[in-house]
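Asker: Structure below; questions to follow.
The values are calculated or read from the model by the stated rules, or taken from the named source; none is laboratory data. What you see is a predicted model, and the numbers here were worked out from it, not measured in a lab. Methodologically, a virtual Cβ is constructed for each residue, glycine included, from the backbone with ideal geometry; neighbour enumeration extends over all protein chains shown. Protein only, heavy atoms only, side chains kept; ligands, DNA and RNA dropped before computing areas. Shrake-Rupley method; radii C 1.70, N 1.55, O 1.52, S 1.80 Å.
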Amino acid sequence: MIENVDTSLIDWSRAQFALTAMYHWLFVPLTLGLGIIMAIMETIYYKTGKEFWKTTTKFWQKMFGINFAIGVATGLILEFEFGTNWSNYSWFVGDIFGAPLAIEGILAFFLEATFIAVMFFGWNKVSKEFHLASTWLTIIGATLSAVWILIANAWMQYPVGMEFNPDTVRNEMFDFWSIVLSPVAINKFFHTVLSGWIVGAVFTIGVGAWYLIKNREKEFALASIKIGAIFGLVASLLTVYTGDGSGYQVAQKQPMKLAAMEGYYEGENGAGLVAIGILNPKKHSYNDGVDPFLFKIRMPNLLSFLAERDVHAFVPGINDLLEGGYELKDGTKALSAEEKIEKGRLAIQALADYRSASKEKNEAEMNKQRAILKDNFSYFGYGYIKDPAHLVPPVGLTFYSFHIMVILGCYFILLFVVVLFFIYKKDLTKVKWMQWICLLSIPLAYIAGQAGWIVAEVGRQPWAIQDILPTAAAVSRLNTSSVQITFFLFLGLFTILLIAEIGIMVKAIKKGPETGNDISQELH
């Protein structure tokens, strides 16, 4: 089914997909966060009838609209890349992976498309009630888009609800709801969407702080900062909870990713969690005997609690996961990487023998090979792994991305608390240093979001689908030069779009909120 592939093609295909995904995630979180914030503001307008809140809502809707339009463009390209650059993947699991993406397009995208026009152009043309409903339905549609995309992504991390059909060489869905309600999918949805809410909140207080720095629109700025800080604090605290749940799911379903997140090589009982650490650049291999850290501060027993909800539990490290032999929860011994690779090769060979027997219409041999394939299919992807070392994801990138994400998450909680302190107990308009901190925190929110996705995607390498299909086996058979050309074309296009978005937003921010703004003219 799969032949050897030029490694440069794999690297360029991964780079192109990563490029598209990272640019796309510059736009999506702000859409999710600003959508809720502007809906809250319009709800206040509906309740109070004050024109101030209508003006405030229309300003943030303008920011939402600029960002939303460009986010859609990058998202469409991202979905097309599954067919162009990852056709083996699409063939192998298209029956499953395509379902949530199709639902996203049919349900969520059309919901957004229907009501976003009313939200932007329906002021004074429809009732206040209908306009408010349109605003909420627009952001609900955007969030539903995220739901189905994240369900698809979670399935790649933890493939469930499927059955492999050796006749078609495809995985087929048999339990839709196990995919939708997978604990990985539920945690991934809440954690990801909440991180988007934090981006929207930080952006709101940052822009509000800019007006205070410029001594402009003080009432608008303070009202926006207050709502953004309250919303952001709630989202941040919820993110801590969902982050803990996500960490537990990673420990249960993707232990190698957890080990990479912690730079954790030798398993132990009562394992500690690294709070701050510097990896040793001389550490080149899992079994080279070099200490993985130059410096680290660990919180005792916390990794064991995160992974097993038991402060004394054993947590396997990278070496344990590759060498096997440690005791699992069911009392059996963990397989080594070599044993998993052997089982994977058995599964691949059984598939080939099954198809040969099928051509010869040898029912007995077909049944025999089908049984071997079924017994070993959970290790199918390991059959394409040539060296156990290839099962270790990039530890440095995963480790630092995870810790940057966590540190910034703690910083945002502190930021929102301090902002609210100055709002309610002091006079934020007179605290210039705090205003500058709010403004300069905007890029940090994006860095945290990007770091989170790096952990999720780089941390599960080499797998396109965990344990079932490695990245090297998922790629399309293309000329490497073709992927290189499109990589740089996309890089140029996305950069132009990003610069354009920033320019339009900066222009709109400098202009400021205006009573009676016609959103259609502002977005022209």
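Asker: Identify the single condition in (1) in a helix (DSSP H, G or I); (2) open to solvent by less than 20 Å² (accessible area, probe 1.4 Å); (3) under 30 Å from Tyr354 (Cβ atoms) that Asn171 does not satisfy, given that it satisfies every other one.
Answerer: So the condition that Asn171 fails would be (1).
Asker: Still on this structure, please answer the following. How many residues, within region 239-259, are within 19 Å of Ser441 (Cβ to Cβ) and out of contact with any His (no Cβ under 8 Å at 6 or more places or on another chain)?
Answerer: Final tally of qualifying residues: 1.
Asker: Okay, next question. Considering each of Leu132, Leu137 in turn, give the residue that is assigned to a helix (DSSP H, G or I), more than 30 Å from Trp86 (Cα to Cα), open to solvent by 30 Å² or more (accessible area, probe 1.4 Å) and touching a Phe, Trp or Tyr at 6+ places or on another chain (Cβ under 7 Å).
Answerer: Only one candidate passes the filter, namely Leu137.
Asker: Name the single residue that is most open to solvent (accessible area, probe 1.4 Å) among those in region 423-441 being hydroxyl-bearing (Ser, Thr, Tyr) and assigned to a helix (DSSP H, G or I).
Answerer: Tyr424
Asker: Next up: Of the conditions (1) open to solvent by 50 Å² or more (accessible area, probe 1.4 Å); (2) part of a loop (DSSP other than H, G, I, E, B); (3) in contact (Cβ under 8 Å) with a residue 60 or more places away in the chain, Asn287 clears all except one; give me its number.
Answerer: Going through the list (1) open to solvent by 50 Å² or more (accessible area, probe 1.4 Å); (2) part of a loop (DSSP other than H, G, I, E, B); (3) in contact (Cβ under 8 Å) with a residue 60 or more places away in the chain, Asn287 breaks only (3).
Asker: In contact with a His (Cβ under 6 Å, 6 or more places away or on another chain) and either farther than 24 Å from Glu457 by Cβ or open to solvent by 60 Å² or more (accessible area, probe 1.4 Å) (or both) - does that describe any residue in region 293-303?
Answerer: no
Rundown of residues vs (1) in contact with a strand residue (DSSP E or B) (Cβ under 7 Å, 6 or more places away or on another chain); (2) hydroxyl-bearing (Ser, Thr, Tyr), yes/no style:
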site: Lys257; (1), (2): no, no
site: Glu266; (1), (2): no, no
site: Gly277; (1), (2): yes, no
site: Met299; (1), (2): yes, no
site: Ser304; (1), (2): yes, yes
site: Ala307; (1), (2): yes, no
site: Val311; (1), (2): no, no
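Asker: Give me a count of the residues in region 273-297 that are in contact with an Asp or Glu (Cβ under 9 Å, 6 or more places away or on another chain) and either closer than 20 Å to Ile407 by Cα or modelled with pLDDT of 95 or more (or both).
Answerer: The total comes to 3.
Asker: Please state which of the following conditions Thr57 fails to meet, knowing it meets all the rest: (1) open to solvent by 10 Å² or more (accessible area, probe 1.4 Å); (2) touching an Asp or Glu at 6+ places or on another chain (Cβ under 8 Å); (3) β-branched (Val, Ile, Thr); (4) more than 30 Å from Thr480 (Cβ to Cβ).
Answerer: (1)
Asker: To continue, here is another question. Determine, yes or no, whether Phe120 is aromatic (Phe, Trp, Tyr), farther than 26 Å from Phe80 by Cα and open to solvent by less than 30 Å² (accessible area, probe 1.4 Å).
Answerer: In short, yes.
Asker: Now for a different question. How many of the residues making up region 91-138 are over 30 Å from Thr168 (Cβ atoms) and not acidic (Asp, Glu)?
Answerer: Residues in region 91-138 being over 30 Å from Thr168 (Cβ atoms) and not acidic (Asp, Glu): 27 in total.
Asker: Among the helices (runs of 4 or more DSSP H) confined wholly to region 1-103, which include 1 or more residues that are touching a Ser or Thr at 6+ places or on another chain (Cβ under 6 Å) and more than 16 Å from Ala464 (Cα to Cα)?
Answerer: Output list reads 7-48, 51-84.
Asker: Filter region 469-501 down to residues that are within 30 Å of Lys374 (Cβ to Cβ), aliphatic (A, V, I, L, M) and open to solvent by 10 Å² or more (accessible area, probe 1.4 Å), then give me how many there are.
Answerer: 1
Asker: Against the conditions (1) open to solvent by 20 Å² or more (accessible area, probe 1.4 Å); (2) in contact with a His (Cβ under 7 Å, 6 or more places away or on another chain), where does Leu233 fall short? Just the number, please.
Answerer: In the conditions (1) open to solvent by 20 Å² or more (accessible area, probe 1.4 Å); (2) in contact with a His (Cβ under 7 Å, 6 or more places away or on another chain), Leu233 misses (2) alone.
Asker: Next question, about the same structure. Could you list, ordered by first residue, the pairs with Cβ atoms under 7 Å in which the first is in region 112-132 and farther than 14 Å from Lys54 by Cα and the second is open to solvent by 50 Å² or more (accessible area, probe 1.4 Å) and among the aliphatic types (A, V, I, L, M), at least 6 apart or interchain?
Answerer: Phe115/Leu137; Val118/Val126
Asker: Suppose we filter Leu420, Leu444 for residues that are within 17 Å of the chain's Cα centre (by Cα), in a helix (DSSP H, G or I) and modelled with pLDDT of 95 or more; which single one remains?
Answerer: Leu444
Asker: Quickly run through region 71-104 and pick out the residues that are under 19 Å from Tyr446 (Cβ atoms), β-branched (Val, Ile, Thr) and open to solvent by less than 20 Å² (accessible area, probe 1.4 Å).
Answerer: Within region 71-104, just Thr74 meets the criteria.
Asker: Can you confirm whether region 307-329 contains a residue that is open to solvent by 20 Å² or more (accessible area, probe 1.4 Å) and among the hydroxyl-bearing types (Ser, Thr, Tyr)?
Answerer: Yes.
Asker: Checking the condition in a helix (DSSP H, G or I) and closer than 30 Å to His284 by Cα, which residue from Gly381, Gly325 passes?
Answerer: Just a single option satisfies the conditions, and that option is Gly381.
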